[in-house]
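Chemist: Before anything else, here's the structure in question.
The values are calculated or read from the model by the stated rules, or taken from the named source; none is laboratory data. These figures come from a predicted structure and were not determined experimentally. Methodologically, a virtual Cβ is constructed for each residue, glycine included, from the backbone with ideal geometry; neighbour enumeration extends over all protein chains shown. These area figures cover heavy atoms from the full protein model, side chains too; ligands, DNA and RNA do not enter into them. Shrake-Rupley method; radii C 1.70, N 1.55, O 1.52, S 1.80 Å.
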Amino acid sequence: MAFENKYVQQRIQKAQTLKDAGFNPYSNNSQRNTTVEKYLNVNDDIESKENKRDENRHYIISGRIKLLRIMGKASFVKIEDESGILQAYITRDNLPEGFYNDIFKKNIEVGDIIEVGGYPFVTGKGELSIHVSDLKLLTKAIAPLPEKFHGVTDKEIRYRKRYLDLIMNAEVRKTFQTRSKVISLTRRFFEDKGFLEVETPMMHPIAGGANAKPFVTHHNSLGIDRYLRIAPELYLKRLIVGGFEAVFEINRNFRNEGMDATHNPEFTSIEFYWAYKTYKDLIEITKEYFNYLFEHLSLPTRLPYGEHEVNFENFQEIPLIKSLTSVGGIPSEVVDDKEKILAYLKSKNITVKPNLNLGQLQGELFDEYVEEKLIDPTFITEYPVEISPLARRSDENPAITERFELFIAGREIANAFSELNDPLDQYERFKGQVECKDAGDDEAHEMDEDFIDALSYGMAPTAGQGIGIDRLVMLLTNEHSIRDVLLFPAMKPISSEIIDEDICE
RNA sequence: GUCUUGUUAGCUCAGCUGGUAGAGCACGUCACUUUUAAUGAUGUGGCCGAUGGUUCGAAUCCAUCACAGGACACCA
């Protein structure tokens, strides 16, 4: 089954021919002494030299052949490494007797990883290249690459065979380099602020900290089920109880739910908790965090996202109720009255679930009329208590909470609040959740008695925030599917994989 | 979960109202020492996603299934 494709067969034969001629098609004897990027930088003066070359310089470059133009006794080869792509000029007379015709032309092709040594020169068409005097094959590719011009565009192939996507699409590599930098910068930002990075369990006895269905796994020697965590929140707060005053965790969460352009079953978030602070401090640190990211990623403060342009110098702060009128254009006499909201929604032909309370209806109005219009970064504050079960009530107005969500380009990016630290209140809220669970809501919280115990010892007033890293990277890279910012997004198995599994078992 | 659009050569795609498959790139052979998706000549390559059905005859029509994309719903 494997290797039966005729192109693969052909290339296997070439590898064998090379072996027979004494050339290892999988040599590990690389002598590389520079990268393409460095080569191009160091030699950018060649253009001005006599004959546009310098035979006294010598470099060894390694990489994959992306393009091959054989023109009789001379050839042009585009060699790509991680840093860039370089043209090599290869001639028969600069290589050992017979090598060019019998080895290079016959057995080395697009997709192979080679190493070339030579001097820098500029071609007649003005391209800085390398004039090759040494060529060796490092790795024979026995699978042919996709077509050179269109590359691979089929999303299924790109996600299932990400390595192929990365080979063919340089801009994809760039997206993941940006992702890596975002995570690194995020870590450095919070460390510099005095936060301690911690690791809390990925396998939970009780899946808490969010409303979501968990994945279940089994611990054999203990004979018990464990849940892959849906959020680290309750463990991080236990650490605040224990006396750490600023902690953060960047890690994966797992939710056993649907997949779409903004949801993958495993996703990365940062959650951070900061004692003796409130959500207002979080607004300030969030602005600072974005400034830090933009500065270190060298991004312009006006970023395109789809059809929009986001101005990251224009952070707004609007209480939720006010946003309904000022952004959503809903008449002010409507937004504070349950019956009027219902009538308003009905007049607009929007149906909502029955028996929603005022806070929930305000949430519906927000989702319907405001969210997608928030293009520049906007902190929506003062959420109704009914839709903020984990947030602390405002001391001035017990109907609202000390909470914000940050919206950018019509999407939620962060959720933050002053944390609920009253153990009796938390106990009651868990009880309410348990009732929902008993009534059939399989996403409701379970009672976490140990967490109540922890709060009973006293958790300092604390502010906490979660930021979805995947969605943040989407925003910064102008990507519109979460799969395009995950190296290996979740995919259904193809049918042959399922059959194989059945045979094994 | 619902709707919708796809699935044809290694890749990117044609193939109309049913008559046993087509291009470009890639690959093989030949020519070519400054090309830029090199060029010219020539040749190979396919169980048309899977299974049923309708039909004398199915890549094409119908049904079911699988996978993927998009939209909606649900969910952070």
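Chemist: Let me have the 222 nm mean residue ellipticity of chain A computed from DSSP H runs of 4+ only, each contributing -39500 (n - 2.57), with the sum over all residues rounded to the nearest 500.
Modeler: Rounded to the nearest 500, the figure is -9500 deg cm²/dmol.
Chemist: OK, next. So how much accessible area does A:Val152 have, in Å² to the nearest 10, using a 1.4 Å probe?
Modeler: It works out to around 10 Å².
Chemist: Additional query: In Å², and per residue, what accessible area does chain A have when probed at 1.4 Å with the other protein chains present?
Modeler: That works out to 52 Å² per residue.
Chemist: Please compute the net charge surrounding A:Lys353, taking Lys and Arg as +1 and Asp and Glu as -1 over other residues with Cβ under 14 Å from its Cβ.
Modeler: So the environment of A:Lys353 carries a net charge of -3.
Chemist: Then there is this: Run the 1.4 Å probe and let me know the accessible area of A:Lys373, rounded to the nearest 10 Å².
Modeler: For A:Lys373, solvent-accessible area is about 100 Å².
Chemist: Can you return the aspartates and glutamates within cross-link range of A:Lys174? Criterion is Cα-Cα under 14 Å, with same-chain partners fewer than 8 residues away left out.
Modeler: A:Asp81, A:Glu82, A:Asp165, A:Glu479, A:Asp484
Chemist: Nearest 10 degrees is fine. How inclined is helix A:6-20 to the longest principal axis of chain A, computing both from alpha carbons?
Modeler: Once rounded, one gets 50 degrees.
Chemist: Also, quick follow-up: The range A:43-98: which GluC sites (Glu not before Pro) are DSSP loop and have at most 14 other beta-carbon atoms within 10 angstrom?
Modeler: A:Glu55, A:Glu82, A:Glu97
Chemist: Quantify, in whole percent, the carbon and sulfur part of the accessible surface of the range A:6-149 (1.4 Å probe; protein heavy atoms only).
Modeler: 47 percent
Chemist: If I model a spin label as a point 7 Å beyond the Cα along the Cα-Cβ vector, how far apart are those points for A:His480 and A:Lys193 in nm?
Modeler: Using points 7 Å along Cα→Cβ, the separation is 3.2 nm.
Chemist: For every other residue with a beta carbon closer than 13 angstrom to the beta carbon of A:Ile400, add +1 if it is Lys or Arg and -1 if Asp or Glu, then tell me the sum.
Modeler: So the environment of A:Ile400 carries a net charge of -2.
Chemist: Hey, another quick one. Roughly how tilted is helix A:279-296, in degrees to the nearest 10 and between 0 and 90, from the longest Cα axis of chain A?
Modeler: Its long axis makes an angle of about 10 degrees.
Chemist: Work out the charge dipole of chain A with +1 on the Cβ of Lys and Arg and -1 on the Cβ of Asp and Glu about the Cα centre, then indicate which of A:Met168, A:His204, A:Phe366 is farthest towards its positive end.
Modeler: A:Met168
Chemist: Another question, then. Under a 1.4 angstrom probe, counting protein chains only, how are A:Tyr383, A:Tyr59, A:Tyr457, A:Tyr26 ranked by accessible area, largest first?
Modeler: Most to least solvent-accessible, the answer reads A:Tyr457, A:Tyr26, A:Tyr59, A:Tyr383.
Chemist: In degrees from 0 to 90, rounded to the nearest 10, what is the angle of the helix A:358-369 Cα long axis to the longest principal axis of chain A?
Modeler: It is inclined by approximately 30 degrees.
Chemist: Let me ask you something else. So how do A:Ser180, A:Ser27 rank on accessible area, 1.4 Å probe, biggest first, that is with the largest at the start?
Modeler: The ranking, largest first, comes out as A:Ser180, A:Ser27.
Chemist: Also, quick follow-up: Could you tell me which of rounded, prolate or oblate describes the range A:383-500, using a ≥ b ≥ c as the square roots of the eigenvalues of the alpha-carbon gyration tensor, with rounded for a/c under 1.5 and, failing that, prolate when a/b is larger than b/c and oblate otherwise?
Modeler: Since a/c reaches 1.5 but b/c is at least a/b, the shape of the range A:383-500 is classed as oblate.
Chemist: What residue among A:Thr477, A:Thr351, A:Leu138 has its Cα farthest toward the positive end of the dipole of chain A, where the charges are +1 on Lys, Arg and -1 on Asp, Glu, each on the Cβ?
Modeler: A:Leu138
Chemist: So for chain A, taking the charge dipole from beta-carbon charges (+1 Lys/Arg, -1 Asp/Glu), which of A:Gly464, A:Asn264, A:Asn5 sits furthest toward the positive end?
Modeler: Highest projection toward the positive end goes to A:Asn5.
Chemist: Compute, for the range A:6-149, the length of the dipole vector about the Cα centre, with Cβ point charges of +1 (Lys, Arg) and -1 (Asp, Glu) only. Units Debye, rounded to 20.
Modeler: 600 debye
Chemist: Taking a 27 Å limit on the Cα-Cα distance, which of the listed pairs A:Lys193/A:Lys237; A:Lys322/A:Lys353; A:Lys213/A:Lys237; A:Lys106/A:Lys155 fall beyond it?
Modeler: A:Lys106/A:Lys155
Chemist: Report the relative contact order of chain A, percent, no decimals, based on alpha-carbon pairs under 8 angstrom and at least 6 residues apart.
Modeler: That works out to 12 percent.
Chemist: Quote the charge dipole size of the range A:299-388 about the Cα centre in Debye, to the nearest 20; the model charges only the Cβ of Lys and Arg (+1) and of Asp and Glu (-1).
Modeler: Dipole magnitude for the range A:299-388 comes out near 260 debye.
Chemist: Could you tell me the center-to-center distance, by alpha carbons, between the range A:83-101 and the range A:197-218 in angstrom?
Modeler: Between the Cα centres of the range A:83-101 and the range A:197-218 lies a distance of 56 Å.
Chemist: Leaving ligands, DNA and RNA out of it, rank A:Val42, A:Val198 by accessible area with a 1.4 Å probe, largest first.
Modeler: Largest accessible area first, the residues go A:Val42, A:Val198.
Chemist: Just how large is the dipole of the range A:168-485 about the Cα centre, in debye to the nearest 20, putting +1 at every Lys and Arg Cβ and -1 at every Asp and Glu Cβ?
Modeler: Around 720 debye, computed over the range A:168-485.
Chemist: Take the solvent-accessible surface of the protein heavy atoms, probe 1.4 Å, and return the percent of it on the range A:349-466 that carbon and sulfur atoms account for.
Modeler: Result for the range A:349-466: 45 percent of the exposed heavy-atom area is carbon or sulfur.
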